[in-house]
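These notes are about the structure you will find just below.
The values are calculated or read from the model by the stated rules, or taken from the named source; none is laboratory data. Computed from a predicted model, the values in this text were never measured in an experiment. Heads up, the Cβs are rebuilt from the backbone with ideal geometry, glycines too, and the neighbour counts pull from every protein chain shown.
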């Protein structure tokens, strides 16, 4: 352990020396909480390793992916609702040839799952290739070894949310037309 002094320069052009003990060779990150009109230092929170900063970033990415999935749910729900009303004749024909309302709804759910699964495969493949290329290029300039860290938790949560949004959005969109008689569905009203 060694004593390190950090000079915090405030907006009034003076410096406050901060003394902290760190392990030799360990990067130090500090979050300074400034309050008041004159910017007085009230609290210093120190992070002793880079892994804490990475964990905070991954938590932020997870929160953003949950918010994006909620927004995608509503967009998918509206999209499938308009798709079902535009293709209500097709829904009626499928029911007229003997499919039950539940089977037709499953057809719409399978369509949504096929779209989401193909987007997952293409997006994941493209993202992996781009990430590996940029990391290799960055490592070429910094002369560091290539290390591949895949965010498994973030990936699986995004996949699970995407699949649930696809199923939920297509199911909720088809509930309105499910209870209509076949003749009314074929008429399109």
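Here's the yes/no breakdown for (1) modelled with pLDDT of 85 or more; (2) touching a helix residue (DSSP H, G or I) at 6+ places or on another chain (Cβ under 9 Å); (3) assigned to a helix (DSSP H, G or I):
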residue	(1), (2), (3)
43	no, no, no
63	yes, no, yes
77	no, yes, yes
126	yes, no, yes
Selected residue [at pLDDT below 90 and closer than 29 Å to residue 159 by Cα] from 96, 112: 112
Report the residue count in segment 169-189 for those that are loosely packed, with under 13 Cβ neighbours inside 10 Å and not in a helix (DSSP H, G or I). 4
Somewhere in segment 146-168, is a residue exposed (fewer than 10 other Cβ atoms within 10 Å of the Cβ), at negative phi, part of a helix (DSSP H, G or I) and without any contact (Cβ under 8 Å) to a residue 60 or more places away in the chain? yes
Please go through segment 79-90 and pick out each residue that is assigned to a helix (DSSP H, G or I) and either out of contact with any helix residue (DSSP H, G or I) (no Cβ under 6 Å at 6 or more places or on another chain) or farther than 29 Å from residue 159 by Cβ (or both). 79, 82, 83, 85, 86, 88, 89, 90
May I ask you to list the residues in segment 71-106 that are under 25 Å from the mean Cα position of the chain (by Cα) and surrounded by 14 or more Cβ atoms within 10 Å (Cβ to Cβ)? 72, 73, 76, 77, 79, 80, 81
